[in-house]
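Below is one structure, written out as structure tokens; the observations come after it.
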Amino acid sequence: MMLHVPNVLTAEQVARCRDVMVRADWVDGNVTAGHQSRKVKHNLQLPEESQTARELGDMVLQALYRSPLFMSAVLPKQVFPPLFNRYDAGMVFGSHVDNAIRSHSTMPVRIRTDISATLFISEPEDYDGGELTVEDTYGAHSVKLPAGDMIIYPGTSLHNVTPITRGSRIGSFFWIQSLIRDDSQRSLLFDLDMSIIRLTQDHPNHPSLVTLTSVYHNLLRQWAEA
Ligand code: NI
């Protein structure tokens with residue numbers, strides 16, 4: 001399941017990210033690349049052990065945990081500390097699949113990357129090119145979102161970032177290990193949860209709400225790796 005999660009960061013938080021990042025020290029993005037992706041990755045990153053990445057990452061994490069849409073769609077067991085990258089004109093990230101297991105260089109974090117996430121920090125009009133393209137069974141999907149918005153997609157997906165031809169594209173990227181490993185099971189739970197929320201709004205006293213809610217929790221109980 002691919003999902004657009006709007007307004008993860010406020011305009012003020014986006015501005016703070018940009019303000020910090022113009023003064024930050026960027027390094028070659030290949031410091032965290034796997035063997036295969038190293039050949040196709042051409043971008044810059046904030047070092048994951050840097051104080052800047054840590055502080056901005058904490059701000060992103062807190063924003064994520066305040067987003068009901070994110071929580072429902074992802075059912076997070078653990079979120080990797082968010083990283084930050086920058087593509088200037090001429091930079092690109094060719095087609096690849098993210099590493100299945102991801103460890104942090106300084107924190108005791110090791111997760112299975114069930115879900116990949118990209119949070120856009122530059123506005124779309126600040127750069128040309130730089131679309132995130134994700135392939136799934138229904139074809140390739142091209143994504144370029146407003147600053148503060150996020151896309152999540154299965155970690156199993158082939159994806160790439162098209163070449164930047166003007167300006168700079170700054171974003172945050174990270175992975176999530178979900179309580180629900182299987183993408184199709186997670187999608188079913190998300191659809192059920194969203195339907196219960198809509199039904200609750202339209203018919204708050206509908207007797208089926210109790211049954212549907214218990215079905216949701218009992219499926220979660222059956223499937224979750226807690
Ligand atoms: Ni990737």
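The values are calculated or read from the model by the stated rules, or taken from the named source; none is laboratory data. Just so we're clear, the structure is a prediction, and the values are computed from it rather than from any experiment. Note that each Cβ is placed from the backbone with ideal geometry, even for glycine, and that neighbours are counted across all protein chains shown. Please note that ligands, DNA and RNA were not included when accessible areas were found on the heavy atoms of the full protein model with its side chains. Shrake-Rupley method; radii C 1.70, N 1.55, O 1.52, S 1.80 Å.
Find the accessible area per residue for the chain; the probe is 1.4 Å, ligands and nucleic acids are left out, and the unit is Å². Could the numbers behind the result be given before it?
Values: 11030 Å² over 226 residues.
Each residue of the chain exposes 49 Å² on average to a 1.4 Å probe.
Under 25 Å Cα to Cα from residue 144, which lysines show up? Leave out anything in the same chain fewer than 8 places away. The qualifying lysines are 39, 41.
Over the Cα atoms of the stretch 119-226, each weighted equally, I'd like the Debye log10 I(q)/I(0) at q = 0.09, 0.16, 0.19 Å⁻¹, rounded to two decimals. Ignoring solvent entirely, the Cα scatterers give -0.38, -0.87, -1.00.
Dividing the convex hull volume of the alpha carbon atoms of the stretch 42-150 by its residue count gives 130 Å³ per residue. Taking all protein chains together, 35, 42 sort by accessible area into 35, 42, largest first [probe 1.4 Å]. Our compactness index for the stretch 88-168, the C-alpha radius of gyration over the empirical 2.2 N^0.38 Å, is 1.18. Among the trypsin sites (Lys or Arg not before Pro) within the stretch 1-102, those in coil by DSSP and having at most 12 neighbouring Cβ atoms inside 10 Å are 23, 66. What the Cα atoms of the stretch 53-94 give is an Rg and a Dmax of 13.5, 37 Å. Taking label positions 7 Å along the Cα-Cβ direction at both residue 125 and residue 187, the computed distance is 3.5 nm, reported to one decimal.
Restricting everything to alpha-carbon atoms, can you work out Rg to Rh for the chain with a Kirkwood hydrodynamic radius? List each step's numbers first, then the result.
On the way: Rg = 18.2 Å, Rh = 18.4 Å.
Here the Rg-to-Rh quotient is 0.99.
If you plug the beta carbon distance of residue 59 and residue 205 into 1/(1 + (r/R0)^6) with R0 = 25 Å, you get a FRET efficiency near 0.05. Here's the picture: charge each Lys and Arg Cβ at +1 and each Asp and Glu Cβ at -1 in the stretch 76-226, and of 84, 220, 95 the one pushed furthest to the positive end of that dipole is 220.
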